[in-house]
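In what follows, a single structure is set out as structure tokens and then discussed.
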Amino acid sequence: MVSSALTIQDILPFRANNKKVDMDAFLPFIVLPFLLLIATISRTITIIIMVVIGMGVLYVYTRPRQKNRSPFFFSWTMSSAVTMFLVFEIIILGLLEVTQLENFIFLLLLACTCYFFYKMKAIADFELATGSSKGKEYSPVLTSDSYYCQVCQIEVNERFFHSIWWDCCVLRPNYVYFLAGQICAFATLLFGTNLGLTTVCQPFIFYGLILLPEDCNDAYYEFDLSLGFVTCVYGVGYLFVIALVLIRQLLIYLPKYSEPQWRKLVNVLNV
Amino acid sequence: MRCSYRKKIIYGVITILIFIIFSHPGLYGRSSYEFIEKHNILKYLHEEVNVNLTSNAFTNCDYHDIINDETTLSPNLIEGDLVEGHGIRDGGEYIPQDCRPKFSTAIIVPYRAEQLRGFLVYMHTFFRRQRIHYRIFIIEQVDSRPFNRAKLLNIGAAAAINAGFPCIVLHDVDLLPLRPSNLYACTKQPRHMSSSINKFRFVLPYLTLFGGVISIRTSQYKMVNGMSNEYFGWGAEDDDLYSRLRACNFKICRFGPEISQYHMFSHKLQRKGKLRSDLLSFARKRMAADGLSSLHYLEVATVLHPLFTHIMVDL
């Protein structure tokens, strides 16, 4: 039995089908800020909320894949990005401890991240719409390279995997953008959470210009400090997930992606 | 195609707008600011000693090597002890014996229920490297009203003026200077000494900040009638002093960020004062009537401890 995600549609069955999509898309923009606000109450509640979110993510990964694309997960990614950005720019910057250069670097990294993921989605949508790989002939016959993507319900050539958090397939043409986006997202989060945590907590000089947070005991004294701290903790969790994604890409997909090139190289060397 | 082109334009415009909005200079702290260069420091120092100072030394103290000292002290010194034979007199006063000091400074510390022993051990260890004549005044508020840092500083300054000190340093008890080259002497203009605090990421939050540790000549302090006595609770009394100095056309100065490094101990943050923004908006108008000239308090006791002069007051 395939278990489906619990949506508003399940709770209120009299709602029309088209409403389900809208609610799923808006839900993360309400749920995530609400969870972060609850987490500002105390350290114990922060830990509980972060564990709940972590368990939610694990649950999503252990479920069998849905047939329909759900906008919930992509909306969760967007709401995470928007929430973390707003908290950083309004609360962390409001404490006047971040310099203009540091914020400029952060905005630049964020812009690169957004650009790469935008290109990734644009190429994926283009591929699915036109059904052809750029610069390559599309084979209408299922070859060993082509797969049927259950979530997109479309046959795609050289499908790598489907990312539910970006709501698109990652194929050969947009794989580089996916990887670049993940690396930029990692750098952005690393830099942003470092700035945030060293602002909210007592920092120390680790090496040269690099500061690290040392003592966060005062983080829950005021609301804005605790919101900044909780958002940075959420950002660190996100950082951890991105690191796992990058490691997984390195270990599994890079050899697969570069296998044809390696084979060519080996053939050339053998001749 | 036109749709996607329009989308790209919109995204581009939003990105540029975000960059513009979040580039406003008022949103940032400053890692660099105008300061007195190291090679000019001695020229900008105001040399004056306490009228009551007697010294048997033959030569004047030289401060070149102190200004060029690159070492950093560790805050862990607070857990140590003072050296044997430290030569500190009762009341926390010290006069270097090997040379005649050029600077006499009274360090005024407003205090209530914080960690004091570690601060005193650290500061006396720190001052041994500076060869200045100094005395530490701890002004303790013993009543239960909100903490009034400015009034305590006024009381301490009045005591320092009575003792004949020409230079006072208004010092928070949770700040430790990390560099011995940060000389505790007055410059010709009032100086904001704590411009690079670890708690603030070693960044100056705003250019007109005048809190933490400042040095000011007692003549200048009297000219602005000291600080306002009305700020009960945390906040804005340092901005009030800054506006008083500006009203009398005093400019403030700083040393470089590396010299001005301080370590702030995390401590229980105080309740913010309720009326501080109202008081601050009328700071200049209240200058003449509110300050050193209108200082009324009950002095509970003055005790000359071995390491400090303890003045307990009820505001």
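Ordered by the count of other Cβ atoms within 10 Å of each Cβ, fewest first, B:Val313, B:Val13 give B:Val13, B:Val313.
Evaluating 6.51 cos²θ - 1.76 cosθ + 1.60 at θ = phi - 60° for every residue in region B:167-182, the Karplus couplings come out as 9, 10, 10, 8, 10, 6, 6, 9, 10, 10, x, 8, 10, x, 6, 7 Hz, glycine and proline recorded as x.
In this structure the amide hydrogen of B:Phe255, modeled in the peptide plane, comes within under 5 Å of the amide hydrogens of B:Ile36, none closer than 5 places in sequence on its chain.
Among the listed pairs B:Lys102/B:Lys151; B:Lys222/B:Lys251; A:Lys121/B:Lys7; B:Lys38/B:Lys222; B:Lys188/B:Lys222; B:Lys43/B:Lys102, a Cα-Cα separation exceeding 19 Å is found for B:Lys102/B:Lys151; B:Lys38/B:Lys222. Each of B:Asp172, A:Asp215 has some number of other Cβ atoms within 10 Å of its Cβ, and from fewest to most they run A:Asp215, B:Asp172. Taking the Cα atoms only, what angle lies between the long axis of helix B:117-128 and the longest principal axis of chain B, rounded to 10 degrees? Helix B:117-128 and the main axis of chain B meet at about 80 degrees.
Under the rule a/c < 1.5 gives rounded, and otherwise a/b versus b/c splits prolate from oblate, where does region B:99-141 land using the Cα gyration tensor? Judged from the Cα gyration tensor, region B:99-141 comes out oblate (a/c at least 1.5, b/c at or above a/b). As a proxy for reagent exposure, A:Leu212, A:Leu35 were ordered by neighbouring Cβ count within 10 angstrom, fewest first; the result is A:Leu212, A:Leu35. Each peptide in B:49-62, B:250-263 was scored by the mean count of other Cβ atoms within 10 Å over its residues; highest first, the order is B:250-263, B:49-62. Rounded to the nearest whole Hz, the Karplus-based 3J(HN,Hα) values (6.51 cos²θ - 1.76 cosθ + 1.60, θ = phi - 60°) of region B:98-113 follow the sequence 7, 7, 8, x, 9, 10, 10, 10, 9, 9, 9, 10, x, 8, 7, 6, with x at glycine and proline.
What do you get for the angle between helix B:2-21 and the principal long axis of chain B? Use alpha-carbon atoms, 0 to 90 degrees, nearest ten. It is inclined by approximately 20 degrees. Amide H contacts of B:Glu48: B:Ser104, each under 5 Å away and 5 or more positions distant or on a separate chain (H built 1.01 Å from N in the peptide plane; Pro and chain starts excluded). A Gaussian network model of chain B, with springs between Cα atoms under 10 Å, assigns the largest mean-square fluctuation among B:Ile132, B:Ile16, B:Ile108 to B:Ile16. For chain B, the longest principal axis of the alpha carbon atoms and the long axis of helix B:149-162 meet at an angle near 30°.
A short reminder: the numbers here are calculations on the coordinates, not readings from a lab. Predicted model, so just to flag it, every value in this text is computed and none were measured. Glycine also receives a Cβ, built like all others from the backbone with ideal geometry; neighbour counts cover every protein chain displayed.
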